[in-house]
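The values are calculated or read from the model by the stated rules, or taken from the named source; none is laboratory data. The structure displayed is predicted, hence computed values, not measured ones. Cβ placement follows ideal geometry from the backbone for every residue including glycine, while neighbour counts extend to all protein chains displayed. The accessibility values were calculated without ligands, DNA or RNA, using every heavy atom of the protein model including side chains. Shrake-Rupley method; radii C 1.70, N 1.55, O 1.52, S 1.80 Å.
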Amino acid sequence: MTTTVDAPVEAAAERPATFDSLNPRTGDVVGTYPIHTAEDVAAAVARARASAAWWAGLGFEGRKEVLDQWRAVLARRLAQLVDVVHRETGKPHGDAQLEIALAIDHVAWAASHAGKVLGRKRVSAGLMLANQAASVEYLPLGVVGVIGPWNYPVFTPMGSIAYALAAGNTVVFKPSEYTPGVGTWLADSLREVSPHHDLLQVVTGFGDTGSALCRAEVDKVAFTGSTATGKRVMAACAERLTPVVIEAGGKDAMLVDEDADVEAAADAAAWGAFANAGQTCTGIERVYVHEKVHDAFLEALTRRARGLRSAADVDAPIGPMTMPSQLQVIRRHIDDALAKGGRAVVGGADAVGERFVQPTVLVDVPEDSEAVCEETFGPTVTVRKVRSMEEAVTLTNAGRYGLGSAVFSASRGEELARRLRTGMTAINSVISFAAVPGLPFGGVGDSGFGRIHGPDGLREFTYAKAVTRTRFKAPLNLTTFDRTPEQDAQVATLMAVIHGRATQFPKLRRPRRSSGR
Ligand code: NDP
């Protein structure tokens, strides 16, 4: 195993200098990685800084060339990376391949759209400053620290890494302690394309290494992980006033309307809730179903859930829980739901094993139980009957998270989507918004703030630079001590002409009378 940071592993005999990454299916050691200290992190950031000017100077086309070569390497070595993801997370090969394929799409999109989104644009200077040529462009910040989770160890950090790189920054990436091999593989693959520059380095270790990255001289931190850690990241970044993007947890709801395609909704709910063993930030964790179709939906979802299993063999559609400590959270949520009057129609208290959790469908669960309010991050879902979609909207918006949501409706999907207080909504599908590179990805409330992906995701890793250029000597110069009282009077006249008539506009806002025709 190699890493891109030269950690003083041998020199630090008095502290545990390495840690093992384990295969959650088997418990076998996948690889051994350095625990990078604050000094190691600072050294990586300094190297990234040294490469940042070269990278920014390459311009959009030059960077696109490098990123295009990188995505070609990722695509050619897909099977190799799939295997590393499979071994470190336990997820099925097909699921690992899907997340990498989508990540490659993001690299392509970011590289080919950066110039258009971030390049210099003329802006109208307005009547008062008609002699000025005004423009705005979005310049790279410098060095971006990316901290990522383990559940989608390629797709999730790539949503920050690809966009930060395309915008002209270099990156120091701290992967989760559960997936250091995936992070290292990604950095090594970019180094093959650009061997002489530190465009993407990896620092490995535990929370302390991530914390050191927040306190290092980075120009922005892009964090993806739990809400609790996100708050710690913000506090650490506050010390140097380092800006942050926080992509945190979710408790996504699905709404099923009375006119929905019930079979399609149940199929999507099963995948949204149980795929990746429920370890998906935008996974479906609660469903609100119109009373007219509730029983049919529950029957269809139950049938599908019973046909799934979580097991060690490679044919199992659902793998193990990657992080053992999550098992306690899932057990606690199921127990709490059952203790408060809920029922398990599939799975339940016995579903939680030593590494594997069987799909669980819970009904009659009170809205104040942990299974409804807190992120479970396991293959469980609650289903609740509602009298109307208004009730479903109210219950969805009552939660403190606001990441994604899904609506199944034949006639009013758009209308319902706009009323849900979540950063993203999929209509008649689940999670599809994450796979559209041109769309922003991110949440509100306890799901965090800031956006990755799309034009917003590119701008997130830049600062806006405003420039004005004097084109000719203005007859009315406002920024001089030579300004005369006559010119001040001209300003007043100009204001009356430009803005003074605005007060008449309310008359125009009166409802139009019907012509009767
Ligand atoms: P954590 O919050 O536990 O960890 C996320 C990352 O932060 C890891 O790399 C972790 O390192 C690191 N970290 C831990 N402590 C600190 C610290 N004090 N300072 C800086 N970094 C630190 O999340 P998980 O890895 O368990 O991931 C699951 C969570 O991620 C879920 O809540 C899920 O919803 C969320 N998520 C959100 C997404 C989104 O886009 N909104 C997408 C995917 C997941 P280490 O592992 O070494 O402790």
For this session: Within the stretch 310-325, identify whether any single residue is over 19 Å from residue 91 (Cβ atoms), more than 16 Å from the ligand (Cβ to nearest atom) and assigned by TED's automatic domain parsing to the domain that holds residue 395, and answer yes or no.
Result: no
Exercise. In the same structural domain as residue 54 (by TED's automatic domain parsing), within 12 Å of the ligand (Cβ to nearest atom), touching a residue at least 24 places away in the same chain (Cβ under 8 Å) and not hydrophobic (A, V, I, L, M, F, W, C): does that describe residue 189?
Worked result: no
For this session: Can you confirm whether the stretch 89-107 contains a residue that is basic (Lys, Arg) and away from the ligand (no atom under 16 Å from the Cβ)?
Result: no
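Among the residues of the stretch 102-147, which ones are small (Gly, Ala, Ser) and within 28 Å of the chain's Cα centre (by Cα)?
First pass over the stretch 102-147, keeping only residues small (Gly, Ala, Ser): 103, 108, 110-112, 114-115, 119, 124-126, 130, 133-135, 142, 145.
Selection gives 103, 108, 110, 111, 112, 114, 115, 119, 142, 145.
Residue-by-condition table, conditions (1) hydrophobic (A, V, I, L, M, F, W, C); (2) outside any loop (DSSP other than H, G, I, E, B):
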site: 25; (1), (2): no, no
site: 36; (1), (2): no, no
site: 54; (1), (2): yes, yes
site: 62; (1), (2): no, yes
Exercise. Quick check: is even one residue across the stretch 356-378 open to solvent by 40 Å² or more (accessible area, probe 1.4 Å), in the same structural domain as residue 422 (by TED's automatic domain parsing) and within 17 Å of residue 265 (Cβ to Cβ)?
Worked result: no
Exercise. What about residue 461, is it closer than 25 Å to residue 56 by Cβ, surrounded by 21 or more Cβ atoms within 10 Å (Cβ to Cβ) and touching a helix residue (DSSP H, G or I) at 6+ places or on another chain (Cβ under 7 Å)?
Worked result: yes
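What number of residues in the stretch 300-339 are of a type outside the set (Gly, Ala, Ser) and farther than 18 Å from residue 272 by Cα? Give the derivation first.
Applying the first criterion (of a type outside the set (Gly, Ala, Ser)) to the stretch 300-339 yields 301-304, 306, 308-309, 313-315, 317-318, 320-324, 326-336, 338.
Keeping just the survivors that are farther than 18 Å from residue 272 by Cα gives 313-315, 323-324, 326-329, 331-336, 338.
Result for the stretch 300-339: 16.
Considering each residue of the stretch 109-136, count those that are under 21 Å from residue 458 (Cβ atoms), of a type in the set (A, V, I, L, M, F, W, C) and either in contact with a His (Cβ under 6 Å, 6 or more places away or on another chain) or surrounded by fewer than 17 Cβ atoms within 10 Å (Cβ to Cβ) (or both), and give that number.
2
Which ones in the stretch 203-220 are near the ligand (Cβ under 6 Å from one of its atoms) and either farther than 12 Å from residue 147 by Cβ or of a type in the set (A, V, I, L, M, F, W, C) (or both)? Break it down stepwise before answering.
Here is the first cut: in the stretch 203-220, the ones near the ligand (Cβ under 6 Å from one of its atoms) are 206-207, 210-211, 214.
206, 214, listed by residue number.
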For this session: Please find, among 486, 460, the residue that is farther than 27 Å from residue 287 by Cβ and in the same structural domain as residue 137 (by TED's automatic domain parsing).
Result: 460
Exercise. Can you tell me which residues in the stretch 420-446 are within 16 Å of residue 254 (Cα to Cα) and out of contact with any Ser or Thr (no Cβ under 9 Å at 6 or more places or on another chain)?
Worked result: 429, 432
Exercise. Would you say residue 389 is at pLDDT 95 or above, among the hydrophobic types (A, V, I, L, M, F, W, C), open to solvent by less than 50 Å² (accessible area, probe 1.4 Å) and in the same structural domain as residue 276 (by TED's automatic domain parsing)?
Worked result: yes
For this session: List every residue pair whose Cβ atoms sit under 8 Å apart, with the two residues 6 or more apart in sequence or on different chains, where the first one lies in the stretch 221-236 and is more than 7 Å from the ligand (Cβ to nearest atom) and open to solvent by less than 20 Å² (accessible area, probe 1.4 Å) and the second, anywhere, is among the hydroxyl-bearing types (Ser, Thr, Tyr) and part of a helix (DSSP H, G or I).
Result: 222/160
Exercise. When both residues are 6+ apart or on different chains and their Cβ atoms are under 6 Å apart, which pairs have a first residue that lies in the stretch 423-448 and is under 19 Å from residue 287 (Cβ atoms), and a second that is away from the ligand (no atom under 12 Å from the Cβ) and assigned to a loop (DSSP other than H, G, I, E, B)?
Worked result: 433/439
For this session: Could you tell me whether the stretch 148-163 includes any residue that is open to solvent by 10 Å² or more (accessible area, probe 1.4 Å), touching a helix residue (DSSP H, G or I) at 6+ places or on another chain (Cβ under 6 Å) and assigned to a helix (DSSP H, G or I)?
Result: yes
Exercise. Quick one: would you say residue 272 is in a loop (DSSP other than H, G, I, E, B), small (Gly, Ala, Ser) and under 19 Å from residue 321 (Cα atoms)?
Worked result: no
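Quick one: which of 67, 102 is farther than 30 Å from residue 467 by Cβ and outside any strand (DSSP E or B)? I'd like the intermediate steps shown before the answer.
On the way: 67 fails: farther than 30 Å from residue 467 by Cβ.
Answer to the check: 102.
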For this session: Identify the single condition in (1) in a loop (DSSP other than H, G, I, E, B); (2) under 24 Å from the mean Cα position of the chain (by Cα) that residue 258 does not satisfy, given that it satisfies every other one.
Result: (2)
